[in-house]
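A short worksheet on the structure shown next.
The values are calculated or read from the model by the stated rules, or taken from the named source; none is laboratory data. Keep in mind the model is a prediction, meaning the values are calculated, not measured. For neighbour counting, all protein chains shown are included, and Cβ atoms are generated from backbone atoms with ideal geometry for every residue, glycine included. Each accessible area value is taken on the protein alone, full model and side chains, heavy atoms only, with ligands, DNA and RNA left out. Shrake-Rupley method; radii C 1.70, N 1.55, O 1.52, S 1.80 Å.
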Amino acid sequence: MNLTNDYIAFTGDTGDLDVLLNDYKLSESAMRFPNVNSILIPKKAEYNLRRYCKDLLRTVDPNVDIAVEKCLVFLSNLASTYYTDSKWKALNATILHEQSKNGDNTYIYTKIIDVLTTGTRTGAFIEVDKSYQVGFESKKFRLTQTYLKVRLVEYIIKDAGIIQNRNKIYYKQFCEALAHPICSNLIKMYPKIDLPTSEELLLIGKQLVNEGRTTKKGKILTMRNKHKDHYWLDVKNRSFVEDNIKLFEFLTGRGFMIPSAGDMSSGGRVVDSFSLMPAWIREQITIDGKKLPEFDFICLHPNEIIKLYNGSASYLTHQMVAERTGIDLKDVKIEHLSFFNKKWDDMRKSPLFGYYATNEPDMLARIYKDKNEHGHKITSQKMFAVEVDIMSAVIRDLNAKDVYVLYVYDALMCEEKDRELVAQTMNRIILEHGVKTSVKNDSLVSNVDLIESRHEPATAHISKYALDEMVSLYDVLPQLSFDVEDILKIISGIDNSNVEMAELMDYFKRQNTQQKYNDYDGVPITTTTISKLKSFIKP
């Protein structure tokens, strides 16, 4: 790398460049931010604007070169739609103004829209959603088929005024990210990450196709092999390896996105290059040559709904619903992704509705009332807000211990060395938020089936432990019928969520003795509780 050429913009006529070249920390900081001059635009967009739209362009700016670049910046906002099922994208008017304004703060973006919707003799560049209603949501735009069917190409902006606008937006977003617990955590995690190459991903993708891999939403991972969509009768049920790799390149090829938190409509969920990445590709990320274990919660959103709308169940699982309804487990998992987000009439048509109508009728009535009064999206907004609160608390706790993680909505990925701490922290904090579930990971949760057995008859399987065996109190205490509050009190009293079975037995015996005194304020421990704990010990 030629530092003199790369960093000449960081110096004036002083000796700053010498300092930069010889100070490692300053050199690193100079490389920290990506090039805001670089955008992705549809191929031939620049050529067609310059050749066919000169008169219209002058309404944007008297300087045609500047007008062209402002139009290209607008088009670059729609680049991500090349990789989404819906090609419509809402664009915020405030951001469009910030991107295109002049020094006198003149509104230019409406004139840009006029240029792009008028287009050339071969047609418009973009379409505008005519159903837009002022005050309800941002206006939606879509690239026309002429430009959706061509590839994206990189364009380097030259106008200093546009670059200055983009720098202001960039630094504003970066400052907001640093002030947000999840986003700032991600920024500190990024320097550690090693990405696979596209060539490696293609080989891995082929192997996963041969193994019959499906996505979380049940789509079949498929090699496109240069075929168009019409080659498959069930194309909507397929996710293509080559398309996934192109998305990966879009998300990471010119640096990572600044992580950004959404508004109330998404419950404040954070998006970045990794949360938007296909899961099978995200699995190939490494730190120091090791892949990152991922931890998420068992049946999180249904258990959040139970908390939010005062349901009666605890530790609900997809398996439990599948067994009690006869619905295939895979179908239960997929349907649970969207069931509570639907309009009420669509919920009634869902195969899951019968289960909740039978087992949680009061909860369903509360959901109906809430959707009826505040719109059907209120349920998912509340649910995602709880999810973000939980994950923010987990991440703050981990960061305080100098542990950083990748955030993927309701899941966390971490370094191998931190796996046990991350799982324990997630288990503790979700109970503190009153949501009764736990991390699903066989290597850290002694027996995932145990969670389901909490609601089964007393004859259900009970795990057995040696006296010198380390046990998780998040596993053992629910089997003794302690509620969330008591579990947290006991863990606080012992000052550890992982203890030897013998230590837990001694603690219970001490508590049983101490509770005979009037000033006892701990969790009641009866002789029946101690006897039940003894039954967990291996002979």
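Calculated mean residue ellipticity, 222 nm, the chain: -14000 deg cm²/dmol, from DSSP H runs (n ≥ 4) at -39500 (n - 2.57) each, averaged per residue and rounded to 500.
Hydropathy first: keep DSSP H helices in the chain averaging at least 0.0 on Kyte-Doolittle, then drop any whose Cα extent along the axis falls short of 30 Å, and list what survives.
Working: long enough: 378-400 (33 Å, 0.60).
For the chain, where a helix must reach 30 Å along its axis and average at least 0.0, the hits are 378-400.
Taking 0.36 nm per residue of separation and subtracting the current Cα-Cα distance, fully stretching the chain between residue 492 and residue 374 would add 38.5 nm.
What label, among (i) 23.7, 80; (ii) 21.2, 70; (iii) 27.8, 91, belongs to Rg and Dmax of the Cα atoms in Å computed from the structure on display? Step by step, Rg and Dmax of the Cα atoms in Å for this structure corresponds to label (iii).
When the Cα gyration tensor is reduced to axis lengths a ≥ b ≥ c, the ratio a/c is 1.5 or higher for region 304-432, and with a/b above b/c it is classed as prolate.
Would you kindly state how much longer the chain becomes between residue 341 and residue 310 on full extension, computed as 0.36 nm times their sequence separation minus their alpha carbon distance, in nm to one decimal? Numbers along the way, then the final one.
Working: separation 31, 0.36 × 31 = 11.16 nm, distance 1.74 nm.
Extra length available between residue 341 and residue 310 comes to 9.4 nm.
Of the solvent-accessible surface of the chain, computed with a 1.4 Å probe and all protein chains present, 50% belongs to carbon and sulfur. Placing unit charges on the Cβ atoms of the charged side chains and taking the dipole of the chain about its Cα centre, the candidate lying farthest along the positive direction among 404, 383, 496 is 383. Counted residue by residue at 0.36 nm each, then reduced by the alpha carbon distance between them, the extension gain from residue 243 to residue 516 reaches 91.5 nm.
Give me the accessible area per residue for the chain, probe 1.4 Å, as a whole number in Å².
Numbers: 28240 Å² over 539 residues.
Computed with neighbouring chains in place, this is 52 Å² per residue.
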